[in-house]
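Peer 1: Following this message is one structure expressed as structure tokens.
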Amino acid sequence: MAKRGKKTSKASGWTFLEQVFAVIIVLLVIVAAYAFLVREEVVEVGSIETYQGALDLRAGDAINSTHSFSRTLKEEYQVHVRYNVPSAGIQIQPIVHFRVWNETTGKELFKETTQARYDKNIRLDSEDAGHYEFVWWVEADAGAGASRVDYEVLIQPTEKLFEKRT
């Protein structure tokens, strides 16, 4: 007995479902190729740097009467300076001087003289970029005595901490 009905031939082409599946695969390949070529990644460009310590600055001693560190700042930064000059148990205490200055431009950012606690925020713009020196000192010829300085300097970029790189 012969079968009745439509004759179907595979030679005529793909079914609709096969065509949709093929288009999806082609689109996935295109997206994967684009993602491979672009390769955007998030990279940290800045983080908080901390400089801290305890100093014994001695008057009348040229070597131990000063302490400094330098840092090159290229972008916009927020600098937080905090230090304390405790006076407990110290008989003669010389005055502590502190300054931040840009060695590149010769510009003094600020200068302070204190015998107590100090706390300050400084915002540096991109035009303030340069090599900065942070200096604590007592007068070397101020007689005798010592001042203890507990300090902490935090330096961090003010704007973008992260950026996309391709």
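Coordinate-derived values only; no laboratory data. Worth saying up front: this structure is predicted, and the values here are computed from it rather than measured. No Cβ is skipped: glycine too gets one built from the backbone with ideal geometry, and neighbour counts run over all protein chains shown.
Peer 1: Ranked from highest to lowest mean number of other Cβ atoms within 10 Å per residue, what is the order of the peptides 126-133, 145-152, 18-25, 62-69?
Peer 2: Peptide ranking by packing, descending: 145-152, 126-133, 62-69, 18-25.
Peer 1: Further question: Taking the Cα-to-Cβ direction at Ser70 and at Arg99 and moving 7 Å from each Cα, how far apart do the two end points lie in nm?
Peer 2: 1.6 nm
Peer 1: Going by how many other beta carbons lie within 10 Å of each one, how would you line up Trp136, Trp101, Trp14, fewest first?
Peer 2: Result, fewest neighbours first: Trp14, Trp101, Trp136.
Peer 1: Quick check on the exposure proxy: order Val29, Val153 from fewest to most C-beta atoms within 10 angstrom.
Peer 2: Ranking Val29, Val153 by Cβ neighbours within 10 Å, fewest first, gives Val29, Val153.
Peer 1: Additional query: Determine the dipole magnitude for the range 45-159: charges of +1 sit on the beta-carbon of Lys and Arg, -1 on that of Asp and Glu, nothing else is charged, the reference point is the Cα centre, and the result goes in debye to the nearest 20.
Peer 2: 320 debye
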